[in-house]
Amino acid sequence: MSLDTFLEETRLINTGFCEKQKENISKLFNEANTNIDTFWNNRANNLDWIQTWNKTVEWEKPHAKWFVGGKLNASANCLDSHLENFGSKTAIIWESEKGDSLQLTYNDLHQKVVSFAHQLKHTYNVKKGARVTIYMPMVPELAIAVLACARIGAIHSVVFAGFSAKSLQDRIKDSQSTCLITADGGYRRGKVIPLKDIVSNALANHACPSLENVIIHQYIQANDPLPQFNSTPVHKFICDSIIEPKDDPIETMDSEDPLFILYTSGTTGKPKGIVHSTGGYMTHAKYSSELVFDLKENDIYWCTADVGWITGHSYMIYGPLSNASTIVMFEGTPDYPNQSRFWELIEKHKVSIFYTAPTAIRSFMKWGDEHITKHDLSSLRLLGTVGEPINPEAWMWYHDVIGNKNCPIVDTWWQTETGGIILTTLPSHHPSKPGSAGFALPGLSVEIKNDQNESIINGAGLLSITKPWPSMLRGVWGDEQRFKDTYWSTLETYFAGDGASIDENGYITVIGRIDDVLNVAGHRIGTMEVESALVEHPAVAEAAVVGIPDDIKGQAIVAFTILKEGISESPELISDINSIVSKQIGAIAKPKVIVSTPDLPKTRSGKIMRRLLKQVAEGQEIGDTTTLGNPDIIHEIKEKMALSNV
């Protein structure tokens, strides 16, 4: 399978150069190239192990075992390991949507985790290997629940608290969870999300027979009576009693014991539970967090992802906390009660590292610079982006406006399945190329391949990880065949569906899902290229494109654009936008129609649901919208499409 590439980005940005850091990164690359087993042994040795391993890796495609025979505990590596030197250091700075703040030191967090772990084990009979579903808003108790499960060897399955009752039910049933940890509600844009009602619907009519207990954190109304869920016992979430760590020994986990299951979003049919191990996952989480974000002892680190997604697992909880970092945890959204909310928090808490999604960045652009420039963001020293490819102009705006041209940007590519960051540009080692993820981290092997499994040196194709890595997924929960078919059947090496290009200097630019590639008059064009060309126009804040059947070209392009604040749609503007696509890519990529819309259908994590846009554009019946944060936008887009005469 080949792709045609048209856009050429030639800018290289040198920021954040540090000679010492450059030397350290060069040593890591040299070490990895000299002896890969020694390299990963050294990374794993940065964790505290109860028992060392006797073999670095066993690999029999598609199954890997890392640090064979090693024993450790993930929760202990995030807490107990730091108590002597960093017990009084702030672990979590929490801010509610309403503006309430709470700070927990590592001593505080340790006490609460130990207490709740004791209750899970002795009061609620949660055993090692049992599955625990966690369905909570972004409150400290979410992190406490995750770490408590890891402490006793329970396998946690965090379900994003924006998911529907059916989505929650499906995940509980698939994992056969024996315990559900939730809250009575959460806040979103000033409204209460009634989580206990959603849970009640999910569990109605004994729909989840494996559940033995439901534990509710009474966050909204502490004195409300607890609901009844058929015959399932319901308990209040209490984690403040003092339990001495010596009273409950930490559970010794084999390196290959599952740490968690995380269900991938945006799929249809049966949910796909990605399984991650303990030792390999923790090794990469700690290593990549320290390296990519250049973590220092005094950093205030804010990853804006929800813990319901893999980014929240790896780069809010396990990665930063295993490095004894101070993290910011925020319940709300960037536009409530105003569009300055993020910048207020950065100024208030002196955030130094900020890691967010391209969708959020494009929203910031749309809202205007005035919401940013009135705040002091001088504490920032490093910016990051995650979740999907970022177009070059959004990258430059992020660099110039948020970073004040002083902050390096780490544009990271990875997946739920990879467990941690695979590609990025390490600022002290490489200049950054706007829109390009860059290079594989030391110790990782990535190639662009065609469908004959041949490597592409300069061009576009399939993005593949060609050698096993510690944090690779260990399977799909309960479905071995799906694991093999999804990730190991297209190429001889790992491939999960993304296309990418590589230039003559080795920079890798992720084009997007192969499923989203447009086939126009025999040219296979990545959606990211067309969308990047659209947002080159100064009036366009964000864009998404899909293909529809066309009698002449095979497929024609339909573009959906969000205009910046204060700009009105007009035939002249649409023509001008189309012209810039023709100029940037060529006439072949000009959209057949451009639909201006106030928003795009996005999941609550901010990902654009192109599947729904394609259904609208083709006049199909609209599929499941329960994961959308803005389901009403579908009706508006349908009305706009009806006027376009496509």
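Tally time: how many residues in the range 525-543 are at pLDDT 90 or above, farther than 21 Å from H371 by Cβ and part of a strand (DSSP E or B)? Final tally of qualifying residues: 1.
Here D335 fits the description: touching a Lys or Arg at 6+ places or on another chain (Cβ under 7 Å), modelled with pLDDT under 95 and not in a helix (DSSP H, G or I). Scanning the range 184-226 for residues that are in contact (Cβ under 8 Å) with a residue 60 or more places away in the chain, more than 20 Å from G332 (Cα to Cα) and part of a strand (DSSP E or B) turns up N213, I215.
Residue-by-condition table, conditions (1) touching an Asp or Glu at 6+ places or on another chain (Cβ under 9 Å); (2) among the small types (G, A, S):
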{"site": "K286", "(1), (2)": "no, no"}
{"site": "S314", "(1), (2)": "no, yes"}
{"site": "L321", "(1), (2)": "no, no"}
{"site": "V328", "(1), (2)": "yes, no"}
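Within the range 126-172, being in contact with a Gly (Cβ under 8 Å, 6 or more places away or on another chain), within 16 Å of T603 (Cβ to Cβ) and in a loop (DSSP other than H, G, I, E, B) holds for M138, V159, F160, A161, G162, F163. Looking across the range 5-36 at every residue that is of a type in the set (D, E) and more than 28 Å from the chain's Cα centre (by Cα), the one that is modelled with the lowest pLDDT is identified as E19. Do the conditions hold for I93, that is, is it in a strand (DSSP E or B), farther than 20 Å from R188 by Cβ, under 21 Å from the mean Cα position of the chain (by Cα) and at pLDDT 95 or above? Answer is yes for this residue. Of the residues making up the range 515-543, those that are crowded, with 20+ Cβ neighbours inside 10 Å and either closer than 21 Å to Q415 by Cα or touching a Cys at 6+ places or on another chain (Cβ under 9 Å) (or both) number 6.
If you go through the range 404-421 and keep only what is surrounded by fewer than 24 Cβ atoms within 10 Å (Cβ to Cβ), closer than 20 Å to V351 by Cβ and in contact (Cβ under 8 Å) with a residue 60 or more places away in the chain, you end up with K405, N406, C407, P408. Across the range 453-473, the number of residues qualifying as assigned to a loop (DSSP other than H, G, I, E, B), buried (at least 20 other Cβ atoms within 10 Å of the Cβ) and touching a helix residue (DSSP H, G or I) at 6+ places or on another chain (Cβ under 8 Å) comes to 5.
Scan the range 296-342 for residues that are surrounded by fewer than 21 Cβ atoms within 10 Å (Cβ to Cβ) and over 19 Å from the mean Cα position of the chain (by Cα) and the total you get is 12.
The residue list Y135, Y106, Y124 contains one member that is aromatic (F, W, Y), touching a Ser or Thr at 6+ places or on another chain (Cβ under 6 Å) and closer than 27 Å to V159 by Cα, which is Y135. Taking first residues from the range 325-350 that are at positive phi and partners that are assigned to a loop (DSSP other than H, G, I, E, B), the Cβ contacts under 7 Å between residues at least 6 apart in sequence or on separate chains come to K350/S379. Can you pull out every residue in the range 253-274 that is over 14 Å from A74 (Cβ atoms) and in contact with a Leu (Cβ under 8 Å, 6 or more places away or on another chain)? Across the range 253-274, the qualifying residues are G273, I274.
Select from the range 255-288 the residues that are of a type in the set (S, T, N, Q), in contact (Cβ under 8 Å) with a residue 40 or more places away in the chain and surrounded by fewer than 24 Cβ atoms within 10 Å (Cβ to Cβ) and write down the one among them that is farthest from M329 (Cα to Cα).
Taking the range 255-288 first, the residues of a type in the set (S, T, N, Q) are 255, 264-265, 267-268, 277-278, 283, 288.
Next cut, in contact (Cβ under 8 Å) with a residue 40 or more places away in the chain only: 255, 264-265, 268, 277-278, 283, 288.
With surrounded by fewer than 24 Cβ atoms within 10 Å (Cβ to Cβ) added as a condition, the list becomes 264-265, 268.
Working: T264: 22, S265: 22, T268: 30 Å.
Per the stated criteria, the residue is T268.
The values are calculated or read from the model by the stated rules, or taken from the named source; none is laboratory data. Only a predicted model underlies this, so the values are computations on that prediction, with no experimental measurement involved. Cβ: placed from backbone, ideal geometry, glycine included. Neighbour counts: every protein chain shown.
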